[in-house]
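Note sheet for the following structure.
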Amino acid sequence: MAEFSIASTREQAPPHPPLVRLGAIAYVNTLPIYYPLARVWPEEGADGIGPLQLQYATPAALNRAVFQGALDVSPVSSAFYLRHREQLVLLDDLSVSSPGAVESVLFISRAPLAALNPAQSRLWVPSSSETSIALLQHLLQLETGLSWPLSALHCYDPAQHLRQNVLLANGSLLDGSLLDGSLVDGGLPEGIDGLLVIGDDALKCSAAGHWPQGFLVYDLAECWQQRYGLPFVFAVWVARLPWAQAHPNALAELNRTLCNSRARFWADGELQQLALQDACARCTISPEVVFRYWHHCLDFNLGPSHLQSLERFQSILTLLGSSQPTVPFHHDATPSTACIAASSGNDCPPVQSG
C-alpha cells in the first residue's frame with residue numbers, strides 16, 4: 001500500500017464536493033455493497049461526496065480503467081492491486097473474498113490437475129479475469145511440479161464464446177449451452193483439455209449441477225483454502241493515489257459510505273429480496289443460488305486473515321513472474337456507465353466429477 005492513510009488525512013471541505021468515478025464489478029457478487037447505495041444516493045451527492053458516476057465492467061476492464069485514470073475509486077483484482085500497490089490506496093474493510101468454496105471460479109478439466117502438462121494440455125482461460133488466471137497457474141504448478149507460463153494458456157472472450165455458446169478450438173465449436181451445464185454430448189470439444197469459467201457464468205454452470213461424464217470440476221478458492229487455511233481475496237477496493245491525495249476526506253467518507261451500505265444490506269431482509277429479484281432478472285440465476293452465494297460463499301470484509309492471504313499471493317505472483325498484466329488480450333468492452341442519485345496436503349480434490 002502506498003504511504004498514505006485514509007484515517008489520518010485532513011482537508012478543507014471543497015465548496016462543491018468532487019464527482020467520483022466509481023467502478024463496480026458487473027457480476028452479482030458486489031450487489032451486497034452497491035445495491036443500497038445505488039437506491040438512495042442523491043444526484044447532488046452527500047456527506048462530503050459529490051455525485052457518483054457508477055461504471056459497471058468486468059474485473060479486467062476495471063483494472064484497465066483505473067490504470068488509465070478513467071476511474072477514481074474501484075474494486076480491482078487482487079493481482080492488479082499487488083502489482084501496482086505503490087500507485088494505489090487500499091480502502092479499509094472491503095473485499096470480495098471467499099472463506100472456502102466460492103462456486104464462481106471453476107476449472108473444468110478432462111484430467112486431474114497433476115496429470116496436465118503445459119506442453120501438451122490445451123487450457124482456456126477468460127479474458128475477463130487476472131487474479132483467477134494467476135491462481136490457476138499457481139495451483140497447476142503445485143500439482144504438476146512444472147512451470148505454467150502464460151504462453152501455455154489460451155485466452156477466450158466469455159461474452160463471445162460462452163454467452164453465444166461458441167467456443168473455438170482447432171476449428172470445432174461448442175454447441176449447446178455451457179451456461180446451462182450441458183457442455184454438449186461428450187463434453188468439451190476435441191482440443192480443449194480444461195476451461196476456466198468465472199463470475200455469473202460459473203454460477204450458472206454450478207447451479208445446473210450437470211457435468212459431462214469423466215470431467216472434473218475444481219473450485220479454485222476451495223483449493224486455496226485447503227492448502228493454506230486462508231480465505232482467498234479476489235478483489236479489493238482502491239483509489240488512485242493522486243485522487244486520494246487531492247480528496248482525502250471525500251475518500252474517507254466514501255469508504256465509510258460503502259461499508260455502511262454493506263451493513264444496511266445485511267440488516268434489511270426486504271432489501272435483500274429486492275436485490276435478489278433484480279439479480280435473478282438480470283442473469284437468470286435462481287434466487288436460491290444467489291442467496292446461498294451471498295451468504296455462504298462470499299466474504300466482503302478485509303481483516304487480518306485477508307491481508308495475510310494477500311501477502312502470500314504477492315509472493316506467489318513474484319514467483320510466477322507476474323510483473324506484467326496477467327491477461328495480454330483485451331476483449332472487454334468499454335465499461336458501461338450510469339450516474340446515480342490451510343491444509344498441508346499436496347492434492348487439490350475436484351468438487352464435482354461427471
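Scan the helices (runs of 4 or more DSSP H) fully inside region 205-306 and keep the ones with 3 or more residues being in contact with a strand residue (DSSP E or B) (Cβ under 6 Å, 6 or more places away or on another chain) and buried (at least 18 other Cβ atoms within 10 Å of the Cβ). Give the steps one after another, and end with the answer.
Working: elements: 220-228, 241-246, 248-267, 269-283, 287-292.
Qualifying helices (runs of 4 or more DSSP H): 220-228, 248-267.
Taking region 92-115 as the search range and keeping residues that are in a loop (DSSP other than H, G, I, E, B) and either open to solvent by 10 Å² or more (accessible area, probe 1.4 Å) or among the hydroxyl-bearing types (Ser, Thr, Tyr) (or both), which one is modelled with the lowest pLDDT? Steps first, please.
Pass one, region 92-115, residues in a loop (DSSP other than H, G, I, E, B): 99-104, 110-112.
Checking which are either open to solvent by 10 Å² or more (accessible area, probe 1.4 Å) or among the hydroxyl-bearing types (Ser, Thr, Tyr) (or both) leaves us with 99-101, 103-104, 110-112.
On the way: Pro99: 96, Gly100: 95, Ala101: 94, Glu103: 90, Ser104: 89, Arg110: 86, Ala111: 92, Pro112: 95.
Only one residue tops the list, namely Arg110.
Right, Ala38: within 25 Å of Ile192 (Cα to Cα) and part of a helix (DSSP H, G or I) or not?
Numbers: within 25 Å of Ile192 (Cα to Cα): no; part of a helix (DSSP H, G or I): yes.
Considered against the rule, which asks whether it is within 25 Å of Ile192 (Cα to Cα) and part of a helix (DSSP H, G or I), Ala38 comes out as no.
Given (1) aliphatic (A, V, I, L, M); (2) closer than 24 Å to Val20 by Cβ; (3) in contact with a strand residue (DSSP E or B) (Cβ under 6 Å, 6 or more places away or on another chain), identify the lone condition not met by Leu123.
(2)
Working carefully through the options Leu82, Leu52, find the one that is among the aliphatic types (A, V, I, L, M), modelled with pLDDT of 85 or more and touching a Lys or Arg at 6+ places or on another chain (Cβ under 9 Å). Spell out the reasoning first.
On the way: Leu82 fails: touching a Lys or Arg at 6+ places or on another chain (Cβ under 9 Å).
One residue alone meets the criteria, Leu52.
With respect to Ala79, determine if the residue is over 13 Å from Val236 (Cβ atoms) and either under 13 Å from the mean Cα position of the chain (by Cα) or assigned to a helix (DSSP H, G or I) (or both). Give the steps one after another, and end with the answer.
Working: over 13 Å from Val236 (Cβ atoms): no; either under 13 Å from the mean Cα position of the chain (by Cα) or assigned to a helix (DSSP H, G or I) (or both): yes.
It is false that Ala79 is over 13 Å from Val236 (Cβ atoms) and either under 13 Å from the mean Cα position of the chain (by Cα) or assigned to a helix (DSSP H, G or I) (or both).
Inspect all residues belonging to region 130-148 and state whether any of them is under 13 Å from the mean Cα position of the chain (by Cα), at pLDDT below 90 and of a type in the set (Ser, Thr, Tyr).
Narrowing region 130-148 to residues under 13 Å from the mean Cα position of the chain (by Cα): 130-135.
Then keep just the ones that are at pLDDT below 90; that gives 130.
Next, from what is left, pick out any that are of a type in the set (Ser, Thr, Tyr): none.
There is no residue in region 130-148 that is under 13 Å from the mean Cα position of the chain (by Cα), at pLDDT below 90 and of a type in the set (Ser, Thr, Tyr).
Test Ala70 against the stated conditions and say whether it is touching a helix residue (DSSP H, G or I) at 6+ places or on another chain (Cβ under 6 Å) and of a type in the set (A, V, I, L, M, F, W, C). I'd like the intermediate steps shown before the answer.
Values: touching a helix residue (DSSP H, G or I) at 6+ places or on another chain (Cβ under 6 Å): no; of a type in the set (A, V, I, L, M, F, W, C): yes.
Here the answer is no, as Ala70 does not meet what is asked.
The values are calculated or read from the model by the stated rules, or taken from the named source; none is laboratory data. Please read these numbers as outputs of a predicted model, since none were measured by experiment. Positions of Cβ are generated from backbone atoms using ideal geometry, with glycine treated the same way; all protein chains shown enter the neighbour counts. SASA here: full protein model, heavy atoms, side chains in, ligands and nucleic acids out. Shrake-Rupley method; radii C 1.70, N 1.55, O 1.52, S 1.80 Å.
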